[in-house]
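Heads up: the structure comes next, in structure tokens.
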Ligand code: NAP
């Protein structure tokens, strides 16, 4: 890589931590500059790239996953290297990165879920949606989880797009799932699933739901699952009516779509998907083995809060519904990494518009930046990360122009490579990924699937070893 660089031009070495959309959009913007020139090393703790696109986007949304074609073009750039299976904080410390790179961009996403604080929430059979999503997508750290799919009824708390994804995956037929890149073990487990009823619970009303129109429309188009909506539950109260007048077109469309489902269920399909608004769980009831057995729910009414926000307020209407499986889907949450200032109230790194700051002084940590969910919190779709990453990279370039640059003592690609080889000899390069990608697709083709994913580090390393012995 460094041999391609004209050493007369100013060039800077950037470490991007994380290989999801925000990391790639940051790389894309950096590589678009002809002066200064940037050399990029992207570090990923998992062996394979693309973060949330590979491990978060639902497997039946292959079209959304096709954004990886764009990321692959970026990754094949002569000034870009990928180091998979290298965890910052474990294999390589931030202090070591600062020895080799002018800039560090954190693109680590939001790696856990927001906690739902309820009695019984940690019982057997209660899972976060983030775990289930990572499991069915073949994430190496979640592949060994088990979900009791012998249960007939599952509850999902939350009315966002992740909750909708989980509901859809539970309601798809084995034939539909077999056309996706869902992990093989998840396909097998879901093919035997006995779940017949899925309930989605939103604490506020239909006009305040966080899903998007395309996603809620898709729920109504499943071949073997029908939506059940009670019309009295989706009639708008005066607060929501007033809000809807000023709402954006997506919110209006959400209301229209959900109201069109009301009273339409014909009980002709194998599975039923209940949308329940204005309902909150208050307690998870457990059996003598500590397993989820039922959920106590309270009916809410909407009240006006500060700054035009509409809140859910509990009434005294209580219901108890038997459930054997529960998914909490109330949003993702960022996690700290060692030596980077973390704002635990927001679940993001401490920053100003993407420049990492020291909380005590509010001064920037020269050379360190954030993009994506660890910068703005877990909101928006994949494309939202593009302007977000551009904003941060423009600040980084502005810092260079104004002399606010960290100068690493060892500033060459060769030295950085040596450091990685020493710290993690089992790193996965972009060329390795290209081989593994081909293998996944080849394995998929045999079974008429887009790909069959590698789902463990051992599998990945064994496949690479086998390639080397064939070569
Ligand atoms: P989200 O959009 O923030 O939705 C979270 C849901 O949880 C909301 O309905 C929220 O209700 C509810 N909630 C929060 N705290 C709660 C509590 N204590 N009790 C009950 N309910 C609670 O989060 P997400 O679904 O995890 O999605 C994350 C981001 O990824 C979103 O931007 C989403 O659009 C995006 N995404 C997009 C797609 C897609 O485009 N296909 C797919 C998946 C995810 P309130 O509104 O009342 O707080």
field: Breaking point among (1) over 21 Å from residue 437 (Cβ atoms); (2) outside any strand (DSSP E or B), for residue 14
entry: (2)
- prompt: Failed condition for residue 290, given (1) exposed (fewer than 13 other Cβ atoms within 10 Å of the Cβ); (2) touching a residue at least 60 places away in the same chain (Cβ under 8 Å); (3) more than 20 Å from residue 132 (Cβ to Cβ), with all others met?
  reply: (3)
- request: May I ask you to list the residues in the range 377-394 that are more than 22 Å from residue 214 (Cβ to Cβ) and assigned to a helix (DSSP H, G or I)?
  value: 389, 390, 391, 392, 393, 394
query: Looking at the range 179-201, is at least one residue under 20 Å from residue 265 (Cα atoms), within 12 Å of the ligand (Cβ to nearest atom) and buried (at least 21 other Cβ atoms within 10 Å of the Cβ)?
result: yes
message: Please verify whether residue 364 is away from the ligand (no atom under 16 Å from the Cβ) and within 18 Å of the chain's Cα centre (by Cα), treating the condition exactly as stated.
response: no
task: Please work out which one of (1) under 30 Å from residue 176 (Cα atoms); (2) within 16 Å of the ligand (Cβ to nearest atom); (3) in a loop (DSSP other than H, G, I, E, B); (4) touching a strand residue (DSSP E or B) at 6+ places or on another chain (Cβ under 8 Å) is the condition residue 139 fails and give its number.
output: (4)
field: Candidate set from the range 438-471 (those that are farther than 19 Å from residue 185 by Cα and in contact (Cβ under 8 Å) with a residue 12 or more places away in the chain); member that is surrounded by the fewest Cβ atoms within 10 Å (Cβ to Cβ)
entry: 467
query: Among the numbered criteria (1) in a loop (DSSP other than H, G, I, E, B); (2) touching a strand residue (DSSP E or B) at 6+ places or on another chain (Cβ under 6 Å); (3) more than 30 Å from residue 170 (Cα to Cα), which single criterion is violated by residue 90?
result: (2)
- prompt: Do any residues in the range 162-183 that are over 20 Å from residue 152 (Cα atoms) have Cβ atoms under 9 Å from those of residues that are away from the ligand (no atom under 16 Å from the Cβ) and outside any loop (DSSP other than H, G, I, E, B), where the two are at least six apart or on different chains, and which pairs are they?
  reply: 178/187; 178/191; 180/187; 181/440; 181/444; 182/190
query: Which pairs have Cβ atoms under 6 Å, sit 6 or more apart or on different chains, and link a residue in the range 308-332 that is within 30 Å of residue 375 (Cα to Cα) to one that is in a loop (DSSP other than H, G, I, E, B) and more than 9 Å from the ligand (Cβ to nearest atom)?
result: 311/305
- prompt: Can you tell me which residues in the range 202-239 are more than 16 Å from the ligand (Cβ to nearest atom) and either within 25 Å of the chain's Cα centre (by Cα) or assigned to a helix (DSSP H, G or I) (or both)?
  reply: 231, 232, 238
Residues that are more than 16 Å from the ligand (Cβ to nearest atom) and not in a loop (DSSP other than H, G, I, E, B), drawn from the range 31-67: 31, 37, 38, 39, 40, 41, 42, 43, 44
- request: Output the residues belonging to the range 115-136 that are under 30 Å from residue 178 (Cα atoms) and either in contact with a helix residue (DSSP H, G or I) (Cβ under 7 Å, 6 or more places away or on another chain) or buried (at least 17 other Cβ atoms within 10 Å of the Cβ) (or both).
  value: 125, 126, 127, 128, 129, 130, 131, 132, 133, 134, 135, 136
Every residue from the range 328-361 that is more than 15 Å from the ligand (Cβ to nearest atom) and not in a loop (DSSP other than H, G, I, E, B): 342, 343, 349, 351, 352, 355, 356, 357
- request: Please determine, by comparing only the residues of the range 250-272 that are modelled with pLDDT of 95 or more and closer than 24 Å to residue 173 by Cβ, which one is surrounded by the most Cβ atoms within 10 Å (Cβ to Cβ).
  value: 258
- prompt: Quick one: in the range 155-178, which of the residues that are away from the ligand (no atom under 16 Å from the Cβ) and assigned to a helix (DSSP H, G or I) is nearest to the chain's Cα centre (by Cα)?
  reply: 177
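Table: residues versus (1) surrounded by 18 or more Cβ atoms within 10 Å (Cβ to Cβ); (2) modelled with pLDDT of 95 or more.
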| residue | (1), (2) |
| --- | --- |
| 282 | no, yes |
| 295 | yes, yes |
| 305 | no, no |
| 309 | no, no |
query: Within the range 100-135, can you find the residues that are more than 13 Å from the ligand (Cβ to nearest atom) and in a helix (DSSP H, G or I)?
result: 100, 135
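The values are calculated or read from the model by the stated rules, or taken from the named source; none is laboratory data. Predicted model only: the values in this text are computed from it and were never measured. Neighbour counts run over all protein chains shown; Cβ positions are idealised from the backbone, glycine included.
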